[in-house]
Amino acid sequence: MTRQTTNKIKLLLTVLFLGYVLLEVASYWRMQRPSGRGHRVTQEHKEAVSLRPHSDGDRPTVLLVGNSLILEAVDMDALRTQMRSQYDVHRLVLESTGYPDWSLILPSLFQQGARPSYVVLTISPAQMSSHVPVFMETTHYLLTPHEVLELSRRDHGGASAYVMHFLEYVSPYWGTRSSAQVAFKDAIPGYRSILFATGTEMLGPQQFDPERMRELAAVCKQYNVKLMYLALPANDPNGDQNAAQIQQAAAANSVPYLRPMADSDFHGDDYTDFIHLSAQGKAKFMPMFVPALLHALGTTDK
């Protein structure tokens, strides 16, 4: 190999390395800028870990956890205002998460020191039953190395699973690449509507494993945290059937169950993309949700 060829290879490798570094920096900036999802998740996670059973004024602390459904359904400013005199309400939300994610995130939060009086899990009944893989941003933002190892074992993927999850944990690009893909596809007119319409048509009844509720209740009890479950509307054609299974499991494990409104209570313009509530849907949901939550908390306090 001539010196000229060697120099060209070195130049090419240098360009590729610098290009990858720029990709990592751009991914970090995109997510951690003040309006970025990573910035919000990081701040909410830090706040959640610092929670104690009671805040100033001896108010019990309440942590709502979930995905994008709660972002669109619950006005946090209004919720905090209406509950301020009795409870100190906080939130930790990561989009695209379901039961597989929160079965790892909740123990991780407690092991890092989070001790709210109450955790309110706010995902739809179908998401409680789902078997989708753990979201890569869960690994990147909300897990510790211990849970990353546990996730790799669960996947039964051998060395490749360990390597991939480790990359998602340490790398802004690998840990958030799906967000970049979604942002690109969202630029295609009508893409999101077509995606959700197709997904909704494919939904079928979900068989819920009661062991899931038992495990969540057990880990919360271990850390003296009271678990509650809020069934959020998600335009699920099998919502009543899915919700009934979870309500039964919640009762069996003494977990307060809230379903202020059924999916069938919302129609058309109440949804923005066939699954998330619109401003109109939120305006219907909030007046029913806040009293239901206050009642459930008050009942549990006694």
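The values are calculated or read from the model by the stated rules, or taken from the named source; none is laboratory data. For clarity, every value in this text was computed on a predicted model and none was experimentally measured. Cβ placement follows ideal geometry from the backbone for every residue including glycine, while neighbour counts extend to all protein chains displayed. For accessibility, only protein heavy atoms count, side chains too; no ligands or nucleic acids. Shrake-Rupley method; radii C 1.70, N 1.55, O 1.52, S 1.80 Å.
Hey, among the residues in region 30-55 that are small (Gly, Ala, Ser) and open to solvent by 60 Å² or more (accessible area, probe 1.4 Å), which one's farthest from residue 142 (Cα to Cα)?
Here the answer is 35.
Is region 217-232 home to any residue that is touching a residue at least 40 places away in the same chain (Cβ under 8 Å), in contact with a strand residue (DSSP E or B) (Cβ under 6 Å, 6 or more places away or on another chain), open to solvent by less than 40 Å² (accessible area, probe 1.4 Å) and not hydrophobic (A, V, I, L, M, F, W, C)?
Checked against the condition, which is being touching a residue at least 40 places away in the same chain (Cβ under 8 Å), in contact with a strand residue (DSSP E or B) (Cβ under 6 Å, 6 or more places away or on another chain), open to solvent by less than 40 Å² (accessible area, probe 1.4 Å) and not hydrophobic (A, V, I, L, M, F, W, C), region 217-232 yields at least one hit.
So residue 208 ticks every box in (1) aromatic (Phe, Trp, Tyr); (2) open to solvent by 40 Å² or more (accessible area, probe 1.4 Å); (3) modelled with pLDDT of 90 or more but one. Which box is left unticked?
That leaves (2) as the condition not met.
Mind checking whether some residue in region 105-113 is in contact with a strand residue (DSSP E or B) (Cβ under 8 Å, 6 or more places away or on another chain), in a helix (DSSP H, G or I) and open to solvent by 20 Å² or more (accessible area, probe 1.4 Å)?
No, region 105-113 contains no residue that is in contact with a strand residue (DSSP E or B) (Cβ under 8 Å, 6 or more places away or on another chain), in a helix (DSSP H, G or I) and open to solvent by 20 Å² or more (accessible area, probe 1.4 Å).
Between a first residue in region 265-284 that is closer than 16 Å to residue 74 by Cα and assigned to a helix (DSSP H, G or I) and a second residue that is open to solvent by 20 Å² or more (accessible area, probe 1.4 Å) and among the polar types (S, T, N, Q), which pairs have beta carbons less than 9 Å apart while being 6 or more apart in sequence or on different chains?
The qualifying pairs are 270/235; 270/280; 279/272; 281/272.
Sort out which residues of region 52-102 are within 11 Å of the chain's Cα centre (by Cα), not β-branched (Val, Ile, Thr) and not in a loop (DSSP other than H, G, I, E, B), and write them in order of number.
Once the filter is applied, which keeps residues that are within 11 Å of the chain's Cα centre (by Cα), not β-branched (Val, Ile, Thr) and not in a loop (DSSP other than H, G, I, E, B), region 52-102 yields 64, 66, 68, 69, 71, 91, 92, 99, 100, 101, 102.
Being open to solvent by 50 Å² or more (accessible area, probe 1.4 Å) and touching a residue at least 24 places away in the same chain (Cβ under 8 Å) is the requirement here; does residue 252 meet it?
For residue 252, the condition - open to solvent by 50 Å² or more (accessible area, probe 1.4 Å) and touching a residue at least 24 places away in the same chain (Cβ under 8 Å) - is met.
Taking the residues in region 268-302 that are closer than 12 Å to residue 234 by Cα and in contact with a Gly (Cβ under 9 Å, 6 or more places away or on another chain) as candidates, determine which candidate is least open to solvent (accessible area, probe 1.4 Å).
Among them, the one singled out is 270.
What do you reckon, is residue 251 assigned to a helix (DSSP H, G or I), under 20 Å from the mean Cα position of the chain (by Cα) and either aromatic (Phe, Trp, Tyr) or modelled with pLDDT of 90 or more (or both)?
Numbers: assigned to a helix (DSSP H, G or I): yes; under 20 Å from the mean Cα position of the chain (by Cα): no; either aromatic (Phe, Trp, Tyr) or modelled with pLDDT of 90 or more (or both): yes.
Answer is no for this residue.
For region 150-174, which positions are among the small types (Gly, Ala, Ser), open to solvent by less than 70 Å² (accessible area, probe 1.4 Å) and free of Cβ contacts under 8 Å to residues at least 40 places away in the same chain?
Listed by number, the residues that qualify are 152, 157, 158, 161.
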